[in-house]
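Notes to accompany the following structure.
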Amino acid sequence: MRTPIIAGNWKMYKLHDEAVKTAVELKSLVSNAGHCEVVIAPVFTALKTVADRLEGSNVKVAAQNCAAEANHSAQTGEVCADMIMDVGCEYVIVGHSERRQFHGETDDSVNRKVKACLEYGLKAIVCVGEDLSQRESGREKEVVGGQLAGGLAGLTLADMERIIIAYEPVWAIGTGKTATPEQAQEMHAYIRRALSGSHSAECAAGTRILYGGSVKPDNIRELMDREDIDGALVGGASLEAATFSKIVNYR
C-alpha cells in the first residue's frame, strides 16, 4: 500500500505571519485526515516558526529547494540540507519546473541536491515534467524519462525509499489547464515502468508518484481514483487553508 501524499507548494507567497496563520488554520481542518500524509512548503523565512507550530500534528513541512552542497561552505545565499533539517523540515521539493526554467536547474544539479537531502535523512520530492512544445511534438516520455534517469542517477534501492516523484506537466501549472485523468495516469504508469527498469519492480511498486498541475477541490477525487496517482503537489489552491483542506479531505 502506498500512503498518498497531498503537498502544498506555497512558492514565493505569504509573509511570515501570514504563513503561520494559514498553517495553524490548516492544522485543525485536516487533523482527521488519516488517509494521507499532509505536507506544506512555505518560504524559507517561515519554515522554523511554521514547523514549531505544527509540531505533533499530522501536517509536515517541506523546503522548496536546497543547496547541492551537503556541507557548510562559502556559498552565499544558499541553504544546505542539514540547515533545512535543523528547522524542522522532513521534505524538500527538488527540481520544480520553475527552478529548471528560471534558475538554471539541470538534471545534474537535481541529482546532487537529491543526494544532499538523503545524506541528512530528508525525503526528496523530485519534480519531472514536459512543456507544451515537448508534449505537442510527442516527446513527453522521452523528456520525463531523461529527467528521471539524470535526477535519480546513482541512487540505491535504500535511497529510493525516501524519494517521491512529482509529475508536473509544465503546460498545466498555473494555467488553469489540467492534464486529463487519463493523461496523468498514462504518464504516471510510464514513470513506474521507468523506475522498474532503472531500479526494480519492487521499488517501482512502492514509490509514490504525485500529480501537480492546477489541482483543485473539484478534480482531486477523479485524479486520485487512478491506479498510479498517489497524491498531488498543489500550487495556488494550497494557499488558502479552507481550499487546501478540501483537497486533503478528498475522501
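When TRP171 is tested against (1) closer than 30 Å to ASP17 by Cα; (2) touching a residue at least 12 places away in the same chain (Cβ under 8 Å), just one condition goes unmet, and that condition is (1).
Among residues of segment 1-16 that are farther than 30 Å from GLY206 by Cβ, those with a Cβ under 7 angstrom from a residue that is exposed (fewer than 15 other Cβ atoms within 10 Å of the Cβ) and not small (Gly, Ala, Ser), sequence gap 6+ or separate chain, pair up as HIS16/THR45.
For every residue, the table says whether it meets (1) among the aliphatic types (A, V, I, L, M); (2) over 16 Å from the mean Cα position of the chain (by Cα).
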site	(1), (2)
ALA74	yes, yes
GLY77	no, yes
CYS80	no, yes
ILE84	yes, no
GLU90	no, no
GLY95	no, no
THR106	no, yes
ARG112	no, yes
GLU119	no, yes
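If we scan segment 151-159, do we find a residue that is free of Cβ contacts under 8 Å to residues at least 60 places away in the same chain and in contact with a strand residue (DSSP E or B) (Cβ under 6 Å, 6 or more places away or on another chain)? Checking segment 151-159: at least one residue is free of Cβ contacts under 8 Å to residues at least 60 places away in the same chain and in contact with a strand residue (DSSP E or B) (Cβ under 6 Å, 6 or more places away or on another chain). Of all residues in segment 220-235, those satisfying the criterion of being over 19 Å from SER28 (Cβ atoms) and buried (at least 19 other Cβ atoms within 10 Å of the Cβ) are ILE220, LEU223, MET224, ASP228, ILE229, ASP230, GLY231, ALA232, LEU233, GLY235. Among the numbered conditions (1) of a type in the set (Gly, Ala, Ser); (2) in contact with a strand residue (DSSP E or B) (Cβ under 6 Å, 6 or more places away or on another chain); (3) in contact (Cβ under 8 Å) with a residue 60 or more places away in the chain, the only one that ALA33 does not meet is (2). Could you list, in sequence order, the residues of segment 84-115 that are crowded, with 19+ Cβ neighbours inside 10 Å and under 20 Å from LYS48 (Cα atoms)? Those that are crowded, with 19+ Cβ neighbours inside 10 Å and under 20 Å from LYS48 (Cα atoms): ILE84, CYS89, TYR91, VAL92, ILE93, VAL94.
Table: residues versus (1) under 14 Å from ILE5 (Cα atoms); (2) buried (at least 22 other Cβ atoms within 10 Å of the Cβ).
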| site | (1), (2) |
| --- | --- |
| VAL143 | no, no |
| ALA149 | no, no |
| ILE164 | yes, yes |
| PRO169 | no, yes |
| THR175 | no, no |
| GLN183 | no, no |
| SER196 | no, no |
| VAL215 | yes, yes |
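Residues in segment 101-121 that are of a type in the set (Lys, Arg) and in contact with a Cys (Cβ under 8 Å, 6 or more places away or on another chain): LYS113 alone. A search for C-beta distances below 8 Å between a residue of segment 174-187 that is without any contact (Cβ under 8 Å) to a residue 40 or more places away in the chain and any residue that is buried (at least 16 other Cβ atoms within 10 Å of the Cβ) and aromatic (Phe, Trp, Tyr), counting only pairs 6+ apart in sequence or on different chains, returns LYS177/TRP171; ALA179/TYR211.
Where a number appears in this text, it was derived from the coordinates with a stated rule and is not lab data. Source: prediction; values computed, not measured. Methodologically, a virtual Cβ is constructed for each residue, glycine included, from the backbone with ideal geometry; neighbour enumeration extends over all protein chains shown.
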